[in-house]
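What follows is a short report on a single structure.
Where a number appears in this text, it was derived from the coordinates with a stated rule and is not lab data. Because the structure is a prediction, the values reported are computed rather than measured. Ideal geometry is used to build each Cβ from the backbone, glycine not excepted, and the neighbour counts take in all protein chains shown.
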Amino acid sequence: MHHVFVGPTLSRSEPDLAAPSVRVWPPVQHGNLFSDAISEGDTIVIIDGVYHQAPALRHKEIMAVMGRGVRVIGAASIGALRAAELAQYGMLGVGSIYGAYVDGSIDGDDEVAVGQAPGGDWRALTWPVVNLRLALELAYRAGVIDCRRAAVLLEALRAVYYPQRTMAAVRAVCRRQGETEFAEWLGEQRARDEHFADLKRSDALAAVRTALNDQSAPRVCVRRQMWETAYFWRWSNTFARSHIDGLDLATADRLIYQQVFDPEFRRTWTAYLRHCSLRTAHSGPGQPLSRRLAHVTGGALPAHRVFRPPLDLRDKVTVALLLARETPDDRLAVARYAKALTLAHQRRPGFSTEAVRSDLSRRMLLDVWKCPAERLDTEASARGLICGAHAVEAAKRLVPGYLGSSDDHTDKGQSDER
């Protein structure tokens, strides 16, 4: 499968995008490459991406997907920029814009940025600098403008903020600079060919054709140490999804629900620690948790106070262990709590999960766990939540749903009696 992330650079009607093996995605953003739809052996073509209206695609996300045996090609826009930055790790760059980033002729994302139509239309409303560069070069070759005037006009056009660099703005700048002949010439060329001087489009088409026609190029697997960081695992876990019982749920939401509301989750967490202890580690073979604990502390501390293995919520075994006691009713409750959080965001402008009052989250935990305040740290640690302060922050996403329903938090206890 060929996954093409594209927006204003190419029209959806381009014949190359209609190939049976091509799946077209909107402009790429942070989290998209974690999709379960992308599998080992696939090819990703990154052309367009967002970075103002949503978090931009991170470099380590690309490195991680290459580490899974996926080929990644970049061109034309943010794809060219990321390919130039990650060429040494095996990302393949295609086209003139990529080459210009590599040799230093251009730098910065302002060279390829464009204003886009709202509402998911993704049409480009403005001119990128790389296309203006090409138009001026072609005008120079045609004898319309000399080299010095072209350089002055380019700097004047670059000074226009990219969401405002419309064709009307280009004509206005040309008039102010006394370059009406160039403006008229450019208008004539565009009347003959709507894609005139569209360097981004030609580079994007070249990248798609490279993906479709060149299957012999090796897929470079990046070493895990290059992308495995605490930040990466946080992103990975955030975007992990579960499709079960007709529900689409965030796996992290399912886990925090169990950590808070399952009265027996302490045992679940201990079982997970035993599992992690027995797994082969980088430093050598695993060993029973009791032996490891005796070696480290002499058995003076409980395992949850000593060992805090990283969580990978994309690992099926990990998820099966941590959600072993989850019931269908629990999953329905998770969906209700997620909906309550979404409604809170919609109804309260500026609302954020982090802004939920800590005292409300803390009160919820003490109420559900039925423990005195002085034991909050111990209870949180035993449930894999590190400490009371961390538990308070993690549980904030549950507060709107908890406040909206006084019964949901008893679901788990009731289901245990069946």
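A few remarks follow.
- Computed from Cα positions, the angle between helix 199-213 and the longest principal axis of the chain comes to roughly 60 degrees.
- Matching label, Cα extents along the principal axes in Å computed from the structure shown, candidates (1) 84, 49, 39; (2) 61, 56, 33; (3) 66, 58, 34: (1)
- Relative contact order computed over region 126-251 (Cα-Cα under 8 Å; 6+ residues apart), in percent: 22
- Selection from A183, L157, T210 lying farthest towards where the dipole of region 146-213 points positive, charges on Cβ: L157
- Amide H contacts of V72 (H built 1.01 Å from N, under 5 Å, at least 5 apart or other chain): I44, L92
- Separation in nanometres of the label points that stand 7 Å from Cα toward Cβ, at D245 and S13: 4.7
- Between the C-alpha center of region 1-25 and that of region 147-213 there is a gap of 24 Å.
- Using all pairs of distinct alpha-carbon atoms, the Kirkwood hydrodynamic radius of region 240-415 works out to 17.2 angstrom.
- R0 of 56 Å, Cβ-Cβ distance S290-S405: FRET efficiency to nearest 0.05: 0.85
- Model label sites at L332 and V306, defined 7 Å from Cα along the beta-carbon direction, differ in position by 4.3 nm.
- Under the Karplus curve 6.51 cos²θ - 1.76 cosθ + 1.60, θ = phi - 60°, whole-Hz ³J(HN,Hα) for region 146-163, x wherever Gly or Pro sits: 8, 5, 5, 5, 5, 5, 5, 5, 4, 5, 5, 6, 5, 5, 7, 4, 4, x
- Exposed loop sites here are GluC sites (Glu not before Pro) assigned a DSSP state other than H, G, I, E or B and surrounded by at most 14 other beta carbons within 10 Å; excluding them, the longest clear run of the chain is 41-193.
- For region 1-61: rounded, prolate or oblate by the Cα gyration tensor [a/c cutoff 1.5]: oblate
- Stretchable slack from H52 to A169, in nm (0.36 nm times residue separation minus alpha-carbon distance): 40.0 nm
- Full-stretch length increase - C147, H195 - with 0.36 nm per residue and alpha-carbon distance subtracted: 14.9 nm
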